[in-house]
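Asks: Below you'll find the structure I mean.
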Amino acid sequence: MLFECSLHGRISDQIQSQLIDRLIGICATEPVPISEHEIGFVPTAQTRGGPGRNEDVLLRLKSSLDDKNLTKRKWQLIQIGPPETSTQKPVTVRQINSTSLTNGNAFAFMTALGYSFAFEFIRRGVIFVYRNILKIVITQIFLPEVRNDATRIRPFDPNNHWLVEVSASAESSERVEAVVDELKVSFDHVNTKLDILYSTATGPDGVCIQTPLFLVVEMENTKVKEKLEVKI
């Protein structure tokens, strides 16, 4: 069992290349391309609406994609727990369990487990690793036009924003606090080396608004969605 500790943000298409250039220098390595197909499943017999539905377990199938053969899959079965809510940690913490499905039909297996299709998406982008602690993932989300077909996709966001995820993993609950501290320290160190990049948006009155990259990070949990300010 792993505990994932993470921070999330969003940047505009205009500054994505600048961010990658900065991270190449900071991480002292070239980015690794990422292309993944992820499919979500929910119990076929779901709990009726109400608090009890939060106890339903969401499962996912995830596979990397080979651009030379987009029909090839090596599926992993993943269970991602809900973000912790009874915590004051400055990052999102949740449990992750995963296993490889090496043989057989993964979709027939999901049906046998009593699960049905809920959603799917494809993400493409790059990954950086910083000091063997942080994983920095910069991706865009795409939706297949036909279910389970990665050959025909369309952007999820018409504005072409990029998602930025900074994460670290703990192998046990006892390590979570230490990993959270490592994540915060390493993240702050990365921020001190980044020039302030700005994501530009237009406000309702037509005024141009600029937000420093990583300044506002969203943390979602089952009860509240709040914005955390991370000082640069």
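Asks: Among the residues of region 30-47, is there at least one that is more than 30 Å from Trp75 (Cα to Cα) and surrounded by fewer than 16 Cβ atoms within 10 Å (Cβ to Cβ)?
Replies: The first filter runs over region 30-47 and keeps only residues more than 30 Å from Trp75 (Cα to Cα), leaving none.
Scanning region 30-47, I find no residue that is more than 30 Å from Trp75 (Cα to Cα) and surrounded by fewer than 16 Cβ atoms within 10 Å (Cβ to Cβ), so the answer is no.
Asks: Right, another one. Being hydrophobic (A, V, I, L, M, F, W, C) and crowded, with 16+ Cβ neighbours inside 10 Å: is that true of Ile122 here? Please lay out each step first, then the result.
Replies: On the way: hydrophobic (A, V, I, L, M, F, W, C): yes; crowded, with 16+ Cβ neighbours inside 10 Å: yes.
In short, yes.
Asks: I would also like to ask the following. Scan Phe156, Phe107, Phe119 and give me the residue that is within 30 Å of Ser17 (Cα to Cα) and without any contact (Cβ under 8 Å) to a residue 60 or more places away in the chain.
Replies: Values: Phe107 fails: within 30 Å of Ser17 (Cα to Cα); Phe119 fails: without any contact (Cβ under 8 Å) to a residue 60 or more places away in the chain.
Being within 30 Å of Ser17 (Cα to Cα) and without any contact (Cβ under 8 Å) to a residue 60 or more places away in the chain holds for just one of Phe156, Phe107, Phe119, which is Phe156.
Asks: Here's a follow-up. Any idea which of Lys74, Lys135 is out of contact with any helix residue (DSSP H, G or I) (no Cβ under 8 Å at 6 or more places or on another chain), closer than 22 Å to Val176 by Cβ and modelled with pLDDT of 85 or more? Steps first, answer last, please.
Replies: On the way: Lys74 fails: closer than 22 Å to Val176 by Cβ.
Just a single option satisfies the conditions, and that option is Lys135.
Asks: Out of curiosity, is Val126 within 22 Å of Ser64 (Cβ to Cβ) and not in a loop (DSSP other than H, G, I, E, B)? Show your work before the answer.
Replies: Working: within 22 Å of Ser64 (Cβ to Cβ): yes; not in a loop (DSSP other than H, G, I, E, B): yes.
So Val126 passes the test.
Asks: Ile133: within 15 Å of Leu65 (Cβ to Cβ) and in contact (Cβ under 8 Å) with a residue 12 or more places away in the chain, yes or no? Give the steps one after another, and end with the answer.
Replies: On the way: within 15 Å of Leu65 (Cβ to Cβ): no; in contact (Cβ under 8 Å) with a residue 12 or more places away in the chain: yes.
So Ile133 does not fit the description; no.
Asks: Now, a different point. Which one of the conditions (1) in a strand (DSSP E or B); (2) modelled with pLDDT of 90 or more does Gln79 fail to meet, given that it meets all the rest?
Replies: (2)
Asks: Can I ask one more? Write out, first by first residue and then by second, each pair whose Cβ atoms fall under 6 Å of each other, whose residues are 6+ apart or on separate chains, and whose first residue, in region 59-70, is touching a residue at least 12 places away in the same chain (Cβ under 8 Å) while the second is assigned to a loop (DSSP other than H, G, I, E, B) and small (Gly, Ala, Ser).
Replies: Hits for this filter: Leu65/Ala150; Leu70/Ala150.
The values are calculated or read from the model by the stated rules, or taken from the named source; none is laboratory data. What you see is a predicted model; the values in this text were computed from it and never measured. Every residue, glycine among them, receives a Cβ derived from its backbone with ideal geometry; neighbour counts consider all protein chains shown.
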